[in-house]
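Presented below is the structure to which this report refers.
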Amino acid sequence: MPSAPLASVLFVCVHNAGRSQMAAGFLSHLAGDRVEVRSAGSLPGDQVNPAAVEAMKEVGIDISAAEPKVLTTEAVQASDYVITMGCGDACPVFPGKKYLDWALEDPAGKGVASVRPIRDEIRTRVEALIAEINAEPHAGTP
């Protein structure tokens, strides 16, 4: 019987085309089904940034099938962690959620060489987030 995820994480950026998609890709890849992963944008773009897709492919993570999604109140309410990346005040705030703001350069309009350092910074932050989630007391665990 599969166990319930330890936490639910929502990554939010403006277009849901670069930073939040890379973060979701890393979290899904590194945490597997231990963490429920969502991403959304306050003004979603038409497609995921091709340079972000290519940069993630270089580290063995395929986000090519991802599609930008609009940020909804329901997605925020269903998440334990809400991580914003430059969406400003567009993200609704609810009590009992853990909000983190990751100041990351926007990869929009940049080539893959410029996206790599952003990707690597996101990976570092996602790894720290996983460590934080693993350290939290969770329902049903001793």
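The values are calculated or read from the model by the stated rules, or taken from the named source; none is laboratory data. Here the structure is a predicted model, which means the values were calculated and not measured. Cβ: placed from backbone, ideal geometry, glycine included. Neighbour counts: every protein chain shown. The protein model used for the area step is the full one, side chains on, heavy atoms only, and it has no ligands, DNA or RNA in it. Shrake-Rupley method; radii C 1.70, N 1.55, O 1.52, S 1.80 Å.
Accessible area per residue for region 1-59 is 42 Å², calculated with a 1.4 Å probe on protein heavy atoms, without ligands, DNA or RNA. Total lysine pairs in region 3-142 at Cα distances under 29 Å, for residues eight or more apart or on different chains: 5.
Binning the C-alpha pair distances of the chain at 5 Å intervals from 0 yields a P(r) profile of 2, 11, 21, 24, 20, 13, 6, 2, 1, 0 %, listed from the shortest bin outward.
The slack in the chain from LYS57 to ALA113, taken as 0.36 nm per residue of separation less the alpha-carbon distance, amounts to 18.9 nm.
Packing-based ranking of 3-14, 121-132, 18-29, 63-74 yields 18-29, 3-14, 121-132, 63-74, ordered from highest to lowest mean Cβ neighbour count within 10 Å. Think of each Lys and Arg Cβ as +1 and each Asp and Glu Cβ as -1; about the Cα centre, that makes the dipole of the chain roughly 40 debye.
Among the protein heavy atoms of the chain, carbon and sulfur supply 53% of the accessible surface, probe 1.4 Å, non-protein parts ignored. Hey, for a label at ALA65 modelled as a point 7 Å past Cα toward Cβ, could you say which residues of region 16-34 have their backbone N under 14 Å away? Under cut-off, by backbone N: 25, 29.
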